[in-house]
Amino acid sequence: MTKNELFLKLAKPNEQGVTRWVRVTEFVGEYADLAFGNGASWARKESTLAKKYKIEFDKIITSGNGIDAIRLIGFNNGDFSQHINADIKRHISSQRCVILGTSKPEVDHKNGMKNEARVMRNEDQKLSDFQPLSKAANDAKRQFCKECMQTGIRYDAKQLGYPMSYYEGSAKHNGEENACVGCFWYDPIEFRKHLEVKKK
């Protein structure tokens, strides 16, 4: 069995070619051959795996460039990708971060799980699927989304001093496409609107 086949066996991609985050600590026993040396070796952009799938890495913030998790986010054939429609990217990039108000933001997928097939296809994307976030805010969101997906517990906005945790749903989520809706990080503007309603 090749390393690609071994990883696919471990990660179990769905029909859209999407997998969960697979931590490098899982590369033991039967999957020990997947352990990374210098770089991502079998998962590099020129690899056979990358020719078929879009690959996303998660790096340990405190350890330089060390990779601590990897996942597939769709097929690399233009039908299902992490790329953002150029017009949408241009529009969002011209706005200010919805959290910090700074200019030159990154274009953020509101759904941090990136598990909606429609949103991941350029031709089906809507402006409302994205939001402008500064690099600092986007990095923070990415970390909280990672923890959410690992634990099944959504980020609690009370940690930021807000009087409510979510505007929809509860702490636990089931990983479905709409699991992000109601979280502060999914849409800070919508979250604040619900605060105003709550005051009334």
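Let me confirm something: among TYR162, TYR167, which residue is of a type in the set (Ser, Thr, Tyr), touching a His at 6+ places or on another chain (Cβ under 8 Å) and farther than 23 Å from PHE57 by Cα?
Residue meeting the stated conditions: TYR167.
Restricting to segment 1-26, give me the number of residues that are closer than 17 Å to GLU56 by Cα and not in a helix (DSSP H, G or I).
11
If ARG96 satisfies every condition in (1) closer than 27 Å to LYS45 by Cα; (2) in a loop (DSSP other than H, G, I, E, B) but one, which is the exception?
Among (1) closer than 27 Å to LYS45 by Cα; (2) in a loop (DSSP other than H, G, I, E, B), the lone unmet condition for ARG96 is (1).
Of all residues in segment 17-39, count the ones that are closer than 17 Å to ASN76 by Cβ and surrounded by fewer than 17 Cβ atoms within 10 Å (Cβ to Cβ).
0
Quick one: GLU30 ticks every box in (1) assigned to a helix (DSSP H, G or I); (2) acidic (Asp, Glu); (3) touching a strand residue (DSSP E or B) at 6+ places or on another chain (Cβ under 8 Å) bar one, so which box is it?
Condition (3) is where GLU30 drops out.
Quick check on segment 110-129: of everything there that is touching a helix residue (DSSP H, G or I) at 6+ places or on another chain (Cβ under 7 Å) and of a type in the set (D, E, K, R), which residue is modelled with the highest pLDDT?
Going through the qualifying residues, I end up with LYS110.
May I ask you to list the residues in segment 176-200 that are assigned to a loop (DSSP other than H, G, I, E, B), under 22 Å from the mean Cα position of the chain (by Cα) and exposed (fewer than 12 other Cβ atoms within 10 Å of the Cβ)?
At the first step, the residues of segment 176-200 found to be assigned to a loop (DSSP other than H, G, I, E, B) are 176-187, 200.
With the extra rule that they be under 22 Å from the mean Cα position of the chain (by Cα), the set shrinks to 176-187.
Within segment 176-200, just GLU176 meets the criteria.
Any chance you could count how many residues in segment 130-152 are touching a helix residue (DSSP H, G or I) at 6+ places or on another chain (Cβ under 9 Å) and either modelled with pLDDT under 95 or assigned to a helix (DSSP H, G or I) (or both)?
Our first condition is that a residue be touching a helix residue (DSSP H, G or I) at 6+ places or on another chain (Cβ under 9 Å); within segment 130-152, this holds for 130-133, 137.
With either modelled with pLDDT under 95 or assigned to a helix (DSSP H, G or I) (or both) added as a condition, the list becomes 137.
Qualifying residue count for the region: 1.
If we scan segment 163-186, do we find a residue that is touching a Gly at 6+ places or on another chain (Cβ under 8 Å), in the same structural domain as HIS109 (by TED's automatic domain parsing), among the acidic types (Asp, Glu) and over 14 Å from MET149 (Cβ atoms)?
Yes - at least one qualifying residue is present in segment 163-186.
What's the number of the condition TYR167 fails, among (1) surrounded by fewer than 20 Cβ atoms within 10 Å (Cβ to Cβ); (2) in contact with a helix residue (DSSP H, G or I) (Cβ under 8 Å, 6 or more places away or on another chain); (3) in a loop (DSSP other than H, G, I, E, B)?
(1)
If only one of LYS172, LYS135, LYS146 is under 22 Å from GLY17 (Cβ atoms) and in contact with a strand residue (DSSP E or B) (Cβ under 8 Å, 6 or more places away or on another chain), which one is it?
On inspection, the qualifying residue turns out to be LYS146.
What is the number of the single condition among (1) buried (at least 18 other Cβ atoms within 10 Å of the Cβ); (2) assigned by TED's automatic domain parsing to the domain that holds ASP139; (3) at pLDDT below 85 that PHE80 does not meet?
Only one criterion is unmet by PHE80, namely (2).
If we scan segment 159-175, do we find a residue that is under 18 Å from ARG192 (Cα atoms) and in contact (Cβ under 8 Å) with a residue 40 or more places away in the chain?
Within segment 159-175 (the criterion being under 18 Å from ARG192 (Cα atoms) and in contact (Cβ under 8 Å) with a residue 40 or more places away in the chain), the answer is no, since none of the residues qualifies.
The values are calculated or read from the model by the stated rules, or taken from the named source; none is laboratory data. This structure is a prediction, so every number in the text was calculated from the model and none was measured. We place every Cβ from the backbone using ideal geometry, glycine too, and count neighbours over all the protein chains shown.
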